[in-house]
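Here's the structure we're looking at; comments come further down.
The values are calculated or read from the model by the stated rules, or taken from the named source; none is laboratory data. Owing to the predicted nature of the structure, the values given are computational and were not obtained by experimental measurement. For neighbour counting, all protein chains shown are included, and Cβ atoms are generated from backbone atoms with ideal geometry for every residue, glycine included.
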Amino acid sequence: MIELLEPIGHCFGVINAIELAKRTAKQFPNNKIYVFGLLVHNDEVTKELDVLGITTIDLTSIDPIERLKLFKNDEIVIFTAHGHPEKYEHILKENNVTFIDATCGRVKRCFSLIKKAEHVIYIGKNNHPEAVAALTMNDHMYFYDINKKFDYEQVATDKPLVINQTTLSFLELKTIHEEIKKHIPNAEIVDEICNATLLRQQEIMNLNDDVDTIIIVGSKKSSNTMKLYELAFSAHPNKQIYLWENITDCQNSNIKFNHAVITSGTSTPITTINEIKNCLERKEALWM
Ligand code: SF4
């Protein structure tokens with residue numbers, strides 16, 4: 001038996017970003033169009049944009065500020081769903097370069113809370129584009145890197161706003177919030193995990209005992225996909241758990257199961273999920 005968990009496939013933020021990119025390609029057929037970073041963290045989506053003539057600029061090994069200065073005024077820049085520092089827009093405006101902002105509304109809401117606060121502890125993953133952008137939104141930011149010990153000595157207030165990247169694991173965040181409350185009892189804690197992420201995590205947590213296999217479909221570059229994978233391991237140590245990026249991973253697998261469930265990160269196209277489901281059905285049919 002193979003079951004798809006809900007919600008699955010693209011979240012509304014990813015759908016909006018892709019639609020915006022497609023509309024931009026139609027609106028500016030004679031201009032070079034670039035996405036500044038990965039529009040969403042999924043290779044299939046990047047390939048789809050490529051076919052539309054939209055070039056993705058990989059920011060991993062370049063200085064974003066220097067690259068922004070190189071755009072010409074007949075080129076179009078699309079900023080990604082994860083958000084970006086406001087300074088990026090200022091540079092393009094100075095050079096009369098048109099830009100399109102595909103930042104997800106849910107991320108923008110988080111940024112606006114950060115801007116209004118006096119002091120902010122921001123919980124996130126180091127170098128994730130959303131965290132990179134968020135950390136520029138207030139002059140009094142203290143970064144709580146989820147993979148490091150936090151230095152409480154640096155916090156210059158007893159009532160900071162505590163806020164987080166939208167795609168973290170809710171269990172991990174709960175533990176961090178408890179720790180912060182012990183050190184700073186008056187901290188104002190706001191949970192900004194986005195529902196598109198949270199609901200998928202809750203579905204994984206609430207699986208029945210008869211499910212023996214969990215397939216997570218998504219890119220290893222996707223924060224929320226990796227959080228689903230980590231959560232599945234910690235919640236279900238006795239089930240088989242796979243992280244597959246595309247159908248090739250399924251085809252190469254010797255998987256056997258009685259009851260498999262499939263879930264996905266929010267940047268995974270439904271076509272990839274259906275291909276993997278079909279591949280699993282073919283494998284199941286072989287041994288039945
Ligand atoms: S996961 Fe949530 S915050 Fe991120 S793009 Fe999707 S809807 Fe927006």
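Values as computed for the structure displayed
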quantity: When residues of segment 60-78 are limited to those that are buried (at least 18 other Cβ atoms within 10 Å of the Cβ) and in contact with a Leu (Cβ under 9 Å, 6 or more places away or on another chain), the one nearest to Val14 (Cα to Cα); calculated: Ile78
quantity: Cross-chain or 6+ apart pairs with Cβ under 6 Å, segment 126-151 first and under 11 Å from Phe111 (Cβ atoms), then charged (D, E, K, R); calculated: Met137/Lys115
quantity: Top-ranked residue of segment 210-251 - restricted to ones that are in contact (Cβ under 8 Å) with a residue 60 or more places away in the chain and under 18 Å from Val45 (Cβ atoms), ranked as farthest from the chain's Cα centre (by Cα); calculated: Asn246
quantity: Considering residues of segment 9-27 that are crowded, with 17+ Cβ neighbours inside 10 Å and more than 13 Å from the ligand (Cβ to nearest atom) only, the residue nearest to Ala102 (Cα to Cα); calculated: Ala21
quantity: Neighbours by Cβ (under 8 Å, 6+ apart or cross-chain): first from segment 1-29, not assigned by TED's automatic domain parsing to the domain that holds Asn224 and assigned to a helix (DSSP H, G or I); second away from the ligand (no atom under 16 Å from the Cβ) and not hydrophobic (A, V, I, L, M, F, W, C); calculated: Ile18/Glu48; Ala25/Gly53
quantity: Cross-chain or 6+ apart pairs with Cβ under 6 Å, segment 99-116 first and under 28 Å from Ala187 (Cα atoms), then part of a loop (DSSP other than H, G, I, E, B) and away from the ligand (no atom under 14 Å from the Cβ); calculated: Phe111/Met137; Ile114/Met137; Ile114/Asn138; Lys115/Met137
quantity: Check on Asn30, more than 16 Å from the ligand (Cβ to nearest atom), surrounded by fewer than 19 Cβ atoms within 10 Å (Cβ to Cβ) and under 24 Å from Lys148 (Cα atoms); calculated: no
quantity: Of the criteria (1) within 16 Å of the ligand (Cβ to nearest atom); (2) of a type in the set (Asp, Glu); (3) free of Cβ contacts under 8 Å to residues at least 24 places away in the same chain, which one Glu94 fails; calculated: (1)
quantity: Check on Val40, at pLDDT 95 or above and within 15 Å of the ligand (Cβ to nearest atom); calculated: no
quantity: Residue under evaluation Val97, criteria (1) in contact with an Asp or Glu (Cβ under 9 Å, 6 or more places away or on another chain); (2) surrounded by fewer than 19 Cβ atoms within 10 Å (Cβ to Cβ); (3) at pLDDT 95 or above; (4) assigned by TED's automatic domain parsing to the domain that holds Lys26, criterion not met; calculated: (2)
quantity: Residues satisfying the stated conditions in segment 101-122, i.e. within 15 Å of the ligand (Cβ to nearest atom) and among the hydrophobic types (A, V, I, L, M, F, W, C); calculated: Ala102, Cys104, Val107, Cys110, Phe111, Leu113, Ile114
quantity: Residue selected from segment 126-161 under the condition touching a Lys or Arg at 6+ places or on another chain (Cβ under 9 Å) and of a type in the set (A, V, I, L, M, F, W, C), by the criterion nearest to the ligand (Cβ to nearest atom); calculated: Ala131
quantity: Sole residue being surrounded by fewer than 21 Cβ atoms within 10 Å (Cβ to Cβ) and in the same structural domain as Pro129 (by TED's automatic domain parsing), chosen from Leu113, Leu52; calculated: Leu113
